[in-house]
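All of the numbers you see were taken from the coordinates with simple rules; none came from a lab. None of the values given here were measured: they were computed from a predicted structure. All Cβ positions, even for glycine, are placed from backbone atoms using ideal geometry, and neighbour counts span all protein chains on display.
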């Protein structure tokens, strides 16, 4: 059906990093054992192709994204990572000349089905962009915007609870609770990004898409966002695009490597960074190109 990096020198660096993290916290990001139950697949794509006019940007992408897990999308600039991410909540619908073929599902439901309400879909699948983009409103109204338009709060008390709860889950409440009526644009870059995450989770999505959410942030703000991602995955399915190999190793359980619009390889994050099967993956993660 038709429808309209940070480089690292050695993969052992990431292998040691992963091992060190698990030694400090043996319960963190454990992969299922062979005898464990099969993971639940939250979103899936099969035969996904994307065209911008006559140019094909994605070629037959088949990828499963597991529930309450972080899937990292890595690859050189222009390889199709962000295009793929935008397919997951139909953001490409807004691009003239974009045509999509194949299947994208959430809980087995085709998200491109004509009977599906796109507004409701984007409430289920939230998006956090590369550059923090708070609305020109107060901190409170930034977070309250989604619950208001989706009718999630029956009264002011409910709305207050949603706003404060979302800010708390985003690790921002303690920093802003005395100035909720001040403009969200007055926060620091890292705080603005956490505000955008609070805004995304305020409508109780099932999936959160993140397009290089730390690329414009300093190392301290980046660390806050990475800690937040690790906490949020206990309740949400997260798909993140990143050029930072160490970041992918730290926050994700599964990694997919894209190259020239094709999905070259996907596996557990540990396997991708320590025992990649494809020489193109090996070349990228070791910094030989990218």
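Descriptive notes on the structure:
- Gyration tensor verdict on region 158-264 (Cα atoms; rounded if a/c is under 1.5, prolate if a/b is larger than b/c, oblate otherwise): prolate
- Summarising the strand pairing of the chain, around 60 percent of its internal DSSP beta bridges are antiparallel.
- Protection-proxy order for peptides 246-254, 159-167, each taking the mean of Cβ atoms within 10 Å per residue, highest first: 246-254, 159-167
- Computed from label points 7 Å out along Cα-Cβ, the spacing between residue 46 and residue 179 is 5.2 nm.
- Taking 0.36 nm per residue of separation and subtracting the Cα-Cα distance, full extension of the segment from residue 96 to residue 164 would add 20.7 nm.
- In region 2-285, inverting the average of 1/r over every pair of distinct C-alpha atoms gives 19.6 Å as the Kirkwood radius.
- Applying 1/(1 + (r/R0)^6) with r as the Cβ-Cβ distance of residue 277 and residue 56 and R0 = 22 angstrom yields a FRET efficiency of 0.35.
- Protection proxy ranking of 97-105, 191-199, 231-239 - average other beta-carbon atoms within 10 Å, highest first: 191-199, 231-239, 97-105
- Overall form of region 117-216 per C-alpha gyration tensor (a/c, 1.5; a/b vs b/c): oblate
- Every helix of 4 or more DSSP H residues in the chain counts as -39500 (n - 2.57), and over all residues that averages to -10500 deg cm²/dmol at 222 nm.
- Cβ crowding within 10 Å averaged over residues, with 144-156, 128-140, 62-74 ranked highest first: 62-74, 128-140, 144-156
- FRET efficiency estimate (nearest 0.05) - Cβ-Cβ, residue 107 to residue 227, R0 25 angstrom: 0.30
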